[in-house]
There are 2 protein chains.
Amino acid sequence: MQELEERIQREGTVKPGNVLKVDAFLNHQCDVTLFDHMGAAWAEHFAGRTITKILTIEASGIGIACVAARHFGGVPVVFAKKAQSINLDGDQYTTTVYSFTKQKEFPVIVAKKYLNAGDHVLLIDDFLANGKALRGLIDLCESAGAVVEGIGIAVEKGFQGGGDKLRGEGYDVDSLAIVESMDAETGDIEFRR
Amino acid sequence: MQELEERIQREGTVKPGNVLKVDAFLNHQCDVTLFDHMGAAWAEHFAGRTITKILTIEASGIGIACVAARHFGGVPVVFAKKAQSINLDGDQYTTTVYSFTKQKEFPVIVAKKYLNAGDHVLLIDDFLANGKALRGLIDLCESAGAVVEGIGIAVEKGFQGGGDKLRGEGYDVDSLAIVESMDAETGDIEFRR
């Protein structure tokens, strides 16, 4: 998606340790017009599929998923939680995910009543690197007996391999920008063609 | 807002300890069509004001704020973060907030470059009870020299007093449903008229 690649080139910064900061428009400050265009792009890619629910994970995926949902007929968005809360009770599906950006393990939790065997789920997240967060969401869907119809990602760090591994397993992963290489010293960012 | 009150009556549940669960449509599963109507309601209420930015706090405020932003000309949404992350670096405004639902203190952090002296800010959150989270966001705005133009809340627990205290201090607080009383034994929920 050209618009997203241009924003990454213009406003993204590469930091040591494979960190690509895009907090100017994606995951701290949010450009909701861009999110809307991202939703339209995913809707075009997944047009042949029945999507009954969008599943994402707190926190950065929520805004993107909620804005994108309009392009999928306003289906419900469920966001998996990363910590126990007194707002979570009753039966839950839980798994564990290692967060690269927070550098620790998190529980990932969804209430059973919001993820069901009849659901055809689109997973949405801001980043895909090694794929650990997505594995957690896929685990939750498998526990519920829900079908993962596709995976919509804003920025995939292609050189970390998580996306290609998921594609190899048959998942339909639509990443709107795939970074093939990036260099913290020069700031150069190359996208996959 | 009648639509929101009806949803709370129909799908909300009252739990002991002043907990109102609305996770079927507001803060775990998200009804984005309802969020859109909420955004329209806030836009009508705050029509006379110049809003250059929406500030919310992770995680439950993000989806609401991002969907609502369309009704404010697509202004940027910034979400304050509740924990340090390697995606946060450089100068930050920080404060501390006690979370009722998580029952512990959190740092609340926003990067200085995304909150500025020229900003006219609408604060948005899903819940207002004692007002501690909003105090944190107001602190951040004061640190930045940004003007708080108004506060848009989905559900205010009026009996906990946080909203009326803020109104007494001159803040324009628009809560779309104000719960005046609720009863965990009977499940009764009364709204302010």
- [ ] Can you give me the ranges of the strands (runs of 3 or more DSSP E) entirely in the range A:90-144 with at least 1 residues that are farther than 25 Å from A:ALA69 by Cα?
- [x] A:92-99, A:104-111
Open item on the list: Looking only at the range B:5-32, count every residue that is over 27 Å from B:LEU140 (Cβ atoms) and crowded, with 16+ Cβ neighbours inside 10 Å and tell me the total.
Closed with: 11
Open item on the list: Looking only at the range B:145-154, count every residue that is touching a residue at least 40 places away in the same chain (Cβ under 8 Å) and either farther than 24 Å from B:HIS37 by Cα or assigned to a loop (DSSP other than H, G, I, E, B) (or both) and tell me the total.
Closed with: 1
- [ ] Could you tell me whether the range B:92-112 includes any residue that is in contact with a Phe, Trp or Tyr (Cβ under 9 Å, 6 or more places away or on another chain), away from chain A (no Cβ under 13 Å), more than 24 Å from A:ALA80 (Cβ to Cβ) and basic (Lys, Arg)?
- [x] no
Open item on the list: Residues that are of a type outside the set (Gly, Ala, Ser) and either in contact with a Cys (Cβ under 8 Å, 6 or more places away or on another chain) or under 22 Å from B:GLY145 (Cα atoms) (or both): does the range B:9-26 have at least one?
Closed with: no
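Let me confirm something: among A:ILE57, A:ILE51, A:ILE62, which residue is under 23 Å from A:THR95 (Cβ atoms), at the interface with chain B (Cβ under 7 Å from one of its Cβ atoms) and touching a helix residue (DSSP H, G or I) at 6+ places or on another chain (Cβ under 6 Å)? Quick ask: steps written out before the conclusion?
Numbers: A:ILE57 fails: at the interface with chain B (Cβ under 7 Å from one of its Cβ atoms); A:ILE51 fails: at the interface with chain B (Cβ under 7 Å from one of its Cβ atoms).
Checking each option against the conditions leaves just A:ILE62.
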Open item on the list: Can you tell me which condition B:SER99 does not meet? The list is (1) of a type in the set (Gly, Ala, Ser); (2) more than 16 Å from B:ASP139 (Cβ to Cβ); (3) touching a Ser or Thr at 6+ places or on another chain (Cβ under 9 Å), and all the others hold.
Closed with: (2)
Task: Tally of residues being part of a loop (DSSP other than H, G, I, E, B) and modelled with pLDDT of 95 or more across the range A:155-193 - done: 12
- [ ] Restricting attention to the range A:130-156, report how many residues are in contact with a helix residue (DSSP H, G or I) (Cβ under 9 Å, 6 or more places away or on another chain), within 14 Å of chain B (Cβ to nearest Cβ) and buried (at least 23 other Cβ atoms within 10 Å of the Cβ).
- [x] 3
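Which of the residues spanning the range B:29-48 are part of a helix (DSSP H, G or I), among the acidic types (Asp, Glu) and touching a helix residue (DSSP H, G or I) at 6+ places or on another chain (Cβ under 8 Å)? Break it down into steps so the answer makes sense when it comes.
Residues of the range B:29-48 that are part of a helix (DSSP H, G or I), as a first pass: B:32-45.
Still in the running and among the acidic types (Asp, Glu): B:36, B:44.
B:ASP36 - this is the single residue of the range B:29-48 that is part of a helix (DSSP H, G or I), among the acidic types (Asp, Glu) and touching a helix residue (DSSP H, G or I) at 6+ places or on another chain (Cβ under 8 Å).
Look at the range A:160-170 and say how many of its residues are over 23 Å from A:LYS81 (Cα atoms) and in contact (Cβ under 8 Å) with a residue 24 or more places away in the chain.
Filtering the range A:160-170 down to residues over 23 Å from A:LYS81 (Cα atoms) leaves A:160-161, A:164-165, A:167-170.
Of the ones still in play, those that are also in contact (Cβ under 8 Å) with a residue 24 or more places away in the chain are A:160-161, A:165.
Number satisfying all stated conditions: 3.
Test B:LEU20 against the stated conditions and say whether it is assigned to a strand (DSSP E or B) and at the interface with another protein chain (Cβ under 10 Å from one of its Cβ atoms). Talk me through it step by step, then tell me what you get.
On the way: assigned to a strand (DSSP E or B): yes; at the interface with another protein chain (Cβ under 10 Å from one of its Cβ atoms): yes.
Here the answer is yes, as B:LEU20 does meet what is asked.
The values are calculated or read from the model by the stated rules, or taken from the named source; none is laboratory data. Bear in mind the structure is a predicted one, so any value in this text is a computation, not a measurement. Every residue, glycine among them, receives a Cβ derived from its backbone with ideal geometry; neighbour counts consider all protein chains shown.
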